[in-house]
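K.L.:
One structure, pasted below without further comment.
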Amino acid sequence: MAGGNFQQMAFMFQHQASQTAAPPPRSTDQRSFQRVTVNLPGRLMLANYEEFECVALDMSPGDVAISCVGRPSAGEKVIAYIDHLGRVEGQVLHLTPGGFMMTIVASERKREKLAAQLTWIANKHELGLPEDRRHDRLTPRVTTSELTLDDGRRYTCRIMDLSLSGAALDIEFRPPLGTAVRLGSMRGRIVRHFVEGVAMEFISVQSREALREFL
């Protein structure tokens with residue numbers, strides 16, 4: 001079950017989606033996008049705030065096939081956090097034997113960014129390029145936390161991605177690049193801004209034991 005901030009975020013998404021939801025997709029418009037086999041892990045949140053681990057099997061800027069033990073209903077609004085790609089929001093089109101197909105509700109700018117990311121993933125698989133990640137990802141059991149600044153200000157955040165060297169956080173507040181911050185007991189600095197939030201790099205590489213509060 002997600003924390004209160006994630007629930008508020010999901011409620012805002014549902015409220016916005018109800019105002020901006022696109023009409024049901026035509027039988028051809030989803031397939032007009034180039035589909036890419038991705039097989040990327042992630043986490044899924046259903047409309048009732050239940051969370052499940054999932055895998056994005058194949059994807060385009062307009063839809064994604066998800067494998068997951070969580071079983072949403074056709075037409076249900078869901079949110080998925082997918083490694084490398086961040087948050088995607090949309091509506092379940094139909095169920096499949098191992099999961100479901102969902103639309104992706106996004107601005108034109110985000111679709112263009114997603115198309116570029118998928119092109120990179122496709123090319124990386126084609127060329128057999130290695131991952132550019134210095135340390136393996138960890139799966140956080142506790143995803144809701146607080147980002148603390150040196151002046152004592154605290155901001156609720158959601159851990160999207162975690163490794164021994166840093167974390168990606170879903171957060172509304174964007175501290176400037178280079179800002180000293182603390183995530184739980186881990187000190188670090190903001191090194192990147194992206195659509196959903198910020199990335200921080202820990203001051204030193206951590207051990208799994210040091211990250212036990214999240215695992």
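Every read-out reported here was derived from the displayed coordinates using simple, explicitly stated rules and does not represent laboratory data. If you're wondering where the values come from, they're calculated on a predicted model, not measured in any experiment. Note: ideal-geometry Cβ built from the backbone for every residue, glycine included; neighbour counts use all protein chains shown.
K.L.:
Highest mean first, what order results for 60-68, 172-180, 41-49 on Cβ atoms within 10 Å?
P.N.:
Values: 60-68: 22.3, 172-180: 12.7, 41-49: 18.9.
Highest-to-lowest ranking by the protection proxy: 60-68, 41-49, 172-180.
K.L.:
Using Cα-Cα distances under 8 Å and only pairs 6 or more residues apart, what relative contact order does the stretch 32-127 have, in percent? Spell out each step's value before the answer.
P.N.:
Numbers: 209 pairs, mean separation 24.3, N = 96.
Relative contact order here is 25 percent.
K.L.:
In the stretch 174-215, which trypsin sites (Lys or Arg not before Pro) are in a loop and have at most 14 other Cβ atoms within 10 Å, using DSSP for the loop call? Show your work: numbers first, answer last.
P.N.:
Details: sites: Arg182, Arg187, Arg189, Arg192, Arg208, Arg212; in loops: Arg208, Arg212.
Sparse-neighbourhood loop trypsin sites (Lys or Arg not before Pro): Arg208, Arg212.
K.L.:
Compute the FRET efficiency between Ser73 and Asp150 as 1/(1 + (r/R0)^6), taking r as their Cβ-Cβ distance and R0 = 45 Å, and round to the nearest 0.05. Can you show the working numbers first?
P.N.:
Working: r = 46 Å, r/R0 = 1.02.
With a Förster radius of 45 Å, E is 0.45.
K.L.:
Let me ask something else about it. Could you derive backbone 3J(HN,Hα) for the stretch 179-192 from the dihedral phi with the Karplus parameters 6.51, -1.76 and 1.60 (θ = phi - 60°), listing whole Hz in sequence and x where the residue is Gly or Pro?
P.N.:
Once rounded to whole Hz, the list reads 5, 6, 9, 9, 10, x, 9, 8, 8, x, 9, 6, 10, 7.
K.L.:
From the Cα gyration tensor of the stretch 137-202, with a ≥ b ≥ c the square roots of its eigenvalues, which class applies: rounded if a/c is under 1.5, or else prolate if a/b is larger than b/c, or else oblate? Numbers along the way, then the final one.
P.N.:
Values: a/c = 1.34, a/b = 1.29, b/c = 1.04.
It is rounded, given that a/c, with a ≥ b ≥ c, falls under 1.5.
K.L.:
From the residues His193, Leu147, Leu164, which one has its Cα farthest along the dipole of the stretch 137-202 in the positive direction, the dipole being from +1 and -1 charges on Cβ of Lys/Arg and Asp/Glu about the Cα centre?
P.N.:
My answer, from the dipole projection, is Leu164.
K.L.:
At a 10 Å Cβ-Cβ cut-off, how would you order Asp151, Asp170, Asp83, Asp161, fewest neighbours first?
P.N.:
Values: Asp151 5, Asp170 23, Asp83 17, Asp161 20.
Going from least to most buried by this count: Asp151, Asp83, Asp161, Asp170.
K.L.:
Can you list residues whose amide H is under 5 Å from Leu138's amide H, if they're 5+ apart or on another chain and H is modeled 1.01 Å from N?
P.N.:
Result for Leu138 returns Leu162, Ser163.
K.L.:
With each pseudo-label sitting 7 Å past Cα toward Cβ, what's the Ser185-His94 distance in nm, one decimal?
P.N.:
5.2 nm
K.L.:
Right, another one. What does the charge dipole of the stretch 32-127 about its Cα centre add up to, to the nearest 20 debye, if the Cβ of each Lys and Arg holds +1 and the Cβ of each Asp and Glu holds -1?
P.N.:
Details: 10 positive and 11 negative charges, 41 e Å.
That gives the stretch 32-127 a dipole magnitude of about 200 debye.
K.L.:
Classify the stretch 32-127 as rounded, prolate or oblate, taking a ≥ b ≥ c as the square roots of the eigenvalues of its Cα gyration tensor: rounded when a/c is under 1.5, otherwise prolate if a/b is larger than b/c and oblate if not. Write out the running numbers ahead of the final one.
P.N.:
Values: a/c = 1.80, a/b = 1.51, b/c = 1.19.
Verdict is prolate for the stretch 32-127.
K.L.:
Relative contact order of the stretch 137-202, please, whole-number percent, based on alpha carbon pairs below 8 angstrom and at least 6 residues apart. Show your work: numbers first, answer last.
P.N.:
Working: 147 pairs, mean separation 18.8, N = 66.
The normalised contact order for the stretch 137-202 reaches 28 percent.
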